[in-house]
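What follows is a single structure, written as structure tokens, with notes after it.
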Amino acid sequence: LKSQARIARYFRSS
Amino acid sequence: MLELRLVQGSLFKKVLDGIKDLVNDANFDCSSTGFSLQAMDSSHVALVALLLRSEGFEHYRCDRNISMGMNLSNMAKMFKCAGNDDIITIKADDGGDTVTFMFESPTQDKISDFEMKLMSIDSEHLGIPEAEYHAIVKMPSSEFARICRDLSTIGDTVVISVSKEGVKFTTKGDIGIANIVCRQNTSVDKPEEATVIEMNEPVSLTFALRYMNSFTKATPLSNIVTISLSNELPVVVEYKIAEMGYVRFYLAPKIEE
């Protein structure tokens, strides 16, 4: 089963 | 002082209609580069990035960088009052707590102005790194919208796979399985009807169809949609806005934990 990743996993605060 | 005049005012209406389902409140940033926005949906799974370059406006005055927090559904209510052929001007004073939208009919016989309250939005700005994508698919935006809509009647998620065969959209649901394959097709009469697939490496990613369907609300902005995919990166669904910029939607994939 797959879970939904969040954007913060890939893009960091700038 | 901020003053932006866009003769093709319907563009603003289309942009708002394209993003308002995904994002409730957002900061619009104005600088000498242009009018832009970056915002995430409430569950922080998708991100929208808008850019309307200053050169695309008939008049563009932005004395200093300004960030204006707006509620998009309230903004859409006001923009609904603009005619499709109206010229739209956005005005704001530095440090003010309102923004004014002015709508002029093409013959100048009806001029409306709407003043909307700004809001303070504490939003996180994310750095989006430049990435080399494993595969880039360009296809008619209406075709992509049709595929997302059709598949969402069968399943909740879509697997997008790019291989030598083409781009495949797969879903599974209680009633069964659906596969739609689009092959590269450049031998069409009009360039906007072509499907073009650039593949450096095969890629296969799973996404929630609910978000994909929400992105397709931006379809009226462009005849072509560009889908950029890399394994283990958010997909980018881009609608270019002719001579002005783009709306890009980023969606985090579903992953094995």
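Nothing in this text is a laboratory measurement; each read-out follows from the coordinates by a stated rule. Quantities reported herein were computed from a predicted structural model and do not represent experimental measurements. As a convention, Cβ positions derive from the backbone with ideal geometry for all residues, glycine included, and neighbour counts pool all protein chains shown.
Over all pairs of distinct alpha carbons, what does the Kirkwood formula give as the hydrodynamic radius of region B:170-257, in Å? About 14.9 Å, per the Kirkwood formula over Cα pairs.
Counting Cβ atoms of other protein chains within 10 Å of each residue's Cβ and taking the mean over peptide B:122-131 gives 3.
State, to one decimal in nm², a quarter of the convex hull surface area for the C-alpha atoms of the protein assembly as shown, i.e. the direction-averaged projected area.
On the way: hull surface 62.8 nm².
That works out to 15.7 nm².
A DSSP coil position with no more than 16 other Cβ atoms inside 10 Å describes none of the chymotrypsin sites (Phe, Trp or Tyr not before Pro) in region B:159-235.
Based only on the alpha carbon positions, what is the Kirkwood hydrodynamic radius of region B:1-138, in angstrom? Before the final figure, lay out each step's value.
Values: mean 1/r = 0.0630 Å⁻¹.
For region B:1-138, inverting the mean 1/r across all distinct Cα pairs yields 15.9 Å.
The magnitude of the dipole of region B:140-215, with charges of +1 and -1 set on the Cβ of Lys/Arg and Asp/Glu and taken from the Cα centre, is near 160 debye. Averaged over every viewing direction, what's the projected area of the C-alpha convex hull for chain B? Give it in nm², one decimal, please. Projected area, direction-averaged: 15.5 nm².
For region B:92-197, applying the loop criterion from DSSP together with a ceiling of 14 other beta carbons within 10 Å to the trypsin sites (Lys or Arg not before Pro) yields B:LYS110, B:LYS164, B:ARG183. Across peptide B:228-239, the average count of Cβ atoms from other chains found within 10 Å of a residue's Cβ is 1.
Hey, any idea what Rg/Rh is for region B:129-192, computing Rh the Kirkwood way over Cα pairs?
Numbers: Rg = 13.5 Å, Rh = 13.2 Å.
Rounded to two decimals, Rg over Rh is 1.02.
Given +1 at the Cβ of Lys and Arg, -1 at the Cβ of Asp and Glu and no other charges, the dipole of region B:1-121 around its Cα centre is 200 debye to the nearest 20. Based on C-alpha pairs under 8 angstrom that are at least 6 apart in sequence, region B:1-92 has a relative contact order of 48 percent. About the centre of its Cα atoms, chain B shows a dipole size close to 620 debye [charges on the beta carbon of Lys, Arg (+1) and Asp, Glu (-1) only; nearest 20 debye].
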